[in-house]
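The values are calculated or read from the model by the stated rules, or taken from the named source; none is laboratory data. Given the structure is predicted, the values throughout are model-derived calculations rather than measurements. Don't worry about glycine lacking a Cβ; one is built from the backbone with ideal geometry, like all the others, and counts go over all protein chains shown.
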Amino acid sequence: MPIAIIILVLAIVLAGYMSRNKTTKKKFVVWGITAIIAIAPLASWIAGMLFGMDGEDGFLGFTVMIYGFVLIEVIGFVLLYFGIFKRMKR
């Protein structure tokens with residue numbers, strides 16, 4: 001689990017570095033892709049494992065993992081959608 005936490009932190013730091021000094025559209029695209037590819041699977045896996053070990057129930061961990069993954073994926077797709085289709089004000 002420490003490896004997953006390190007990878008998650010590195011992905012968030014890398015996305016923050018890549019979105020620095022960019023337009024709002026590009027920031028939405030970077031954070032949307034990061035949420036879809038890195039944050040959703042890793043954060044949901046970590047949360048599912050922690051809840052599963054704490055509750056001593058594998059089904060609890062699996063449920064937290066699935067719902068967390070879907071929620072963060074939807075947030076990532078919304079960010080990506082706004083990044084692609086948002087109109088810039090002139």
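On the given criteria, is Ile39 aliphatic (A, V, I, L, M), surrounded by fewer than 19 Cβ atoms within 10 Å (Cβ to Cβ) and touching a residue at least 12 places away in the same chain (Cβ under 8 Å)? In short, no. How about region 1-35: which of its residues are more than 12 Å from the chain's Cα centre (by Cα) and among the small types (Gly, Ala, Ser)? Once the filter is applied, which keeps residues that are more than 12 Å from the chain's Cα centre (by Cα) and among the small types (Gly, Ala, Ser), region 1-35 yields Ala4, Gly16, Ser19. In a residue-by-residue description of region 55-69, the property of being surrounded by 13 or more Cβ atoms within 10 Å (Cβ to Cβ), in contact (Cβ under 8 Å) with a residue 60 or more places away in the chain and not aromatic (Phe, Trp, Tyr) applies to no position. Test each condition in (1) at pLDDT below 90; (2) within 18 Å of Ala11 (Cβ to Cβ); (3) not aliphatic (A, V, I, L, M) for Trp31 and report the one that comes out false. Among (1) at pLDDT below 90; (2) within 18 Å of Ala11 (Cβ to Cβ); (3) not aliphatic (A, V, I, L, M), the lone unmet condition for Trp31 is (1).
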